[in-house]
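Laboratory data are not the source of any read-out in this text; all were calculated from the coordinates shown. Just so we're clear, the structure is a prediction, and the values are computed from it rather than from any experiment. So basically every Cβ, Gly included, is an ideal-geometry build from the backbone, and we count neighbours across all protein chains shown.
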Amino acid sequence: MTQQSASVVIIGGAIIGSFVAYSLRREGFKGSIKVIERDSTYQFSSTALSASSIRTQFGCSFNIGMSLYSASVFKNIRQWFGEDADIGFEERGYLMLGSPEGADIQRANALMQREHGASVDILSPEQTLQRFPWLNVDDLGIATYGAANEGWFDAWALLQLVRREARKLGVDYVQARASGLTCTNGKVSAVRLDDGSSLPCDWCVNAAGPASGKVAGWLDIALPVEPRKRTVFHIKAPVSTEGFPMLFDNSGAWIRPEGDGFIAGIAPLDHLDPNADGDFEPAHELLEDVLWPLLAHRIPALEQMRLQRSWAGHYEMNLLDHNGVIGAHHEIDNFLFATGFSGHGVMHSPATGRAIAELITHGQYQTLDLSPLGFERIRDNRPIVESVVY
Ligand SMILES: Cc1cc2nc3c(=O)[nH]c(=O)nc-3n(C[C@H](O)[C@H](O)[C@H](O)COP(=O)(O)OP(=O)(O)OC[C@H]3O[C@@H](n4cnc5c(N)ncnc54)[C@H](O)[C@@H]3O)c2cc1C
């Protein structure tokens, strides 16, 4: 096989699949690239329904490295995607609040994040109150604030840019539903489509988001990635959005500015968080019963909030350890995973695209070594737990 005659087929054409396709061309891959996407409106994709924020405050160093790379892309978006490129990147920190009992761990985490290049301020409750006077800090022991490379952006605009650029570079988007994989001599040789046709391939990338566990199942591979529903509430409140951070309360509640209001959410308890396949109904009761009281405790002015609208999307939840799965299957070695990000896939899409492109084009990582995220840990049931998850 020559570079020119080689072919990659990517299942899933939202933010991860599109960054993989685009990055392959940037890495110099010359063969054919086809992206199979069943819904060109992306109505139910995680990408379109996400809160589109980026942080560097992680417990695993590779996640910090991925975020720093992504932030450099977001901050220089015009250099990457042309003068008209605009993803509305608002560089503003995550304010992570911690209890007195959790303070030592959070401080140690922040020091580790700094060692890996993140800019993280460590604040006492008093310092936190000085910077954010509308906060109730009575029961806090610590706060950490991302002083650079954190914030939020327009994921939809980013997706449109990457798709546009990928197309310009000769990537072919195929509107179809992938329905099966054909294996020949221990390799994926074709992706079957639901119209009965097949697309032959030398590499197949599973970027199907919450459906990627199902896609792996076509090869009898047990990939523990499932759709888990997360509801976002858009509210108005008599609180200024000026300087308001992406706030993560120690209760698990989060809130950040969106336009002249806010968006907020909280994960349901584990036993109320089943496989959500096909369920996009917002969990309305979460706001009244759980989220509102927690937010009003932390920010008393939020007693006055008014709900504008709500929506629900799916995390592609990696049930083993909440970390992405990136790289080839250990036996079917032309079948690559780019999934399982469990709530941080949009922010890590540029780094994931580059990683998969390096593996296909050069046979190994050239920049960030993401081998800890490989499938082997899934095979061996060896979690690398990301402790900072929401
Ligand atoms: C409420 C919410 C808030 C979030 N907040 C953040 C955040 O602040 N920051 C962050 O980084 N991440 C966040 N995430 C997570 C982030 O949205 C995801 O990690 C990311 O979008 C995953 O991208 P993806 O391309 O893998 O998946 P998706 O966007 O779901 O794309 C997968 C695509 O594959 C297609 N597909 C699936 N099966 C097939 C098939 N058989 N044939 C053809 N096509 C198929 C689907 O149609 C879909 O378009 C959030 C998610 C949710 C739900």
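Each residue of the range 264-271 in turn: what ³J(HN,Hα) in whole Hz from Karplus with 6.51, -1.76, 1.60 and θ = phi - 60°, glycine and Pro shown as x? Along the range 264-271, the couplings run 8, x, 7, 6, x, 5, 3, 6 Hz.
Label-to-label distance, ASP172 versus LEU307, with points set 7 angstrom from Cα along the beta-carbon direction: 4.7 nm. Annotated for the chain: lysine pairs at least 8 residues apart or interchain, Cα distance under 23 Å, count 8.
About its Cα centre, what dipole magnitude does the range 49-200 give when the only charges are +1 on Lys and Arg Cβ and -1 on Asp and Glu Cβ, stated in debye to the nearest 20? Mind showing how you got there, number by number?
Working: 14 positive and 18 negative charges, 144 e Å.
Computed charge dipole of the range 49-200: roughly 700 debye.
The angle between the Cα long axis of helix 103-115 and the longest principal axis of the Cα atoms of the chain comes to about 50 degrees, rounded to the nearest 10. Simple spin-label estimate for ASN76 and GLU91 gives 1.2 nm between the two label positions (7 Å along the Cα-to-Cβ direction from each Cα). On the principal axes of its alpha carbon atoms, the range 78-123 extends 48, 20, 12 Å, with the longest extent given first. Here the 3J(HN,Hα) profile of the range 72-78, calculated from phi with Karplus coefficients 6.51, -1.76 and 1.60 at θ = phi - 60°, is 5, 5, 5, 6, 10, 4, 5 Hz, Gly and Pro shown as x. Model label sites at LEU269 and ASP39, defined 7 Å from Cα along the beta-carbon direction, differ in position by 3.0 nm. Volume of the convex hull of the range 223-378 (Cα atoms only), normalised per residue: 138 Å³. Subtracting the Cα-Cα distance of GLU242 and SER5 from their residue separation scaled by 0.36 nm leaves 80.0 nm. A cut-off of 5 Å between modelled amide H atoms, ignoring neighbours fewer than 5 places along the same chain, links GLY340 with VAL325. Annotation: for a label point projected 7 angstrom from Cα along Cα→Cβ of ALA108, residues of the range 118-147 with backbone N closer than 20 Å are 118, 120-124, 141-145. Computed from the Cβ-Cβ distance with R0 of 45 Å, the FRET efficiency linking ARG131 to THR367 stands at 0.80. Please state the Cα pair-distance histogram of the range 227-276 with 5 angstrom bins from zero: what percent is in each bin? Over the range 227-276, the share of Cα pairs per 5 Å bin runs 5, 20, 25, 20, 14, 9, 6, 1 percent.
Using the rule -39500 (n - 2.57) for each DSSP H run of four or more residues, divided by the residues of the chain, the 222 nm mean residue ellipticity is -7500 deg cm²/dmol. Applying 0.36 nm per residue to the separation of ALA296 and ASP121 and subtracting their alpha-carbon distance, the gain on full extension is 60.5 nm.
Tell me, what is the FRET efficiency for THR184 and PHE280 to the nearest 0.05, using R0 = 25 angstrom and their Cβ-Cβ distance as r? With a Förster radius of 25 Å, E is 0.10.
P(r) for the chain, from all Cα pairs and a bin width of 20 Å, is 29, 57, 14, 0 %, short bins first.
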